[in-house]
1. In degrees, nearest 10, range 0 to 90: what is the angle between the Cα axis of helix 111-128 and the longest Cα principal axis of the chain?
2. So what's the back-of-envelope 222 nm ellipticity for the chain, counting only DSSP H runs of four-plus at -39500 (n - 2.57) apiece and dividing by all residues, rounded to 500?
3. Using a Förster distance of 35 angstrom, determine the FRET efficiency expected from the C-beta separation of ASN109 and THR41, and round it to 0.05.
4. What relative contact order, as a whole-number percentage, does segment 4-128 give when Cα pairs under 8 Å and 6 or more residues apart are counted?
5. For the chain, take the longest principal axis of its alpha carbons; what is the angle in degrees between that and the long axis of helix 14-27, to the nearest 10 within 0 to 90?
6. Give me the net charge for the shell around PHE50: Cβ to Cβ below 15 angstrom, other residues only, Lys and Arg +1, Asp and Glu -1.
7. Please give the helix 61-70 orientation as an angle from the longest Cα principal axis of the chain, in degrees from 0 to 90, rounded to the nearest 10.
8. Quick one: which of LYS20/LYS124; LYS44/LYS124; LYS2/LYS44 span more than 25 angstrom between C-alpha atoms?
Amino acid sequence: MKYYISTTLKNTSFEDAIEKTTAALKVEGFGVLTEIDIKATLKKKLDADFYNYTILGACNPQMAHQALQAENKIGTMLPCNVIVQEREAGVIEISAVDPAASMMAVENNSLADIAKDVREKLTKVIKSI
């Protein structure tokens, strides 16, 4: 089972891809709580060069609330990570975690429906970009 949902964009800038992704997340009720610039972080901490790679910590408050009510430790798996990366100039890959795959590690059947709903929303996000 793949643990992510993904799409590739061409002929767009990295910054534009982040904006499009953030806007698509908003349409499905997600906000971006965190934005981690991996390229800048690795340069600062390790003086290592890396390609454009940003992690967006996306959260749908309603879905997060439902998940937290069903499983109080589920916060260890929140928020939903969405990555935007440019490994090749002008080719941007956007990938989101598949929450149904990650929830398989949690032995709580009540999370299955929530994870399915989140997966559907994230799939709509990825397909709409």
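1. Taking the Cα atoms of the chain, the angle to 111-128 is about 30 degrees.
2. So the calculated ellipticity at 222 nm is -13000 deg cm²/dmol.
3. The calculated FRET efficiency here is 0.40.
4. About 34 percent, as a whole number.
5. Tilt relative to the chain: about 20 degrees.
6. -1
7. 50 degrees
8. LYS44/LYS124; LYS2/LYS44
Rule-based calculations on the coordinates, nothing more; no lab input. Worth saying up front: this structure is predicted, and the values here are computed from it rather than measured. Cβ sites come from the backbone with ideal geometry, for glycine too, and all protein chains shown count toward neighbours.
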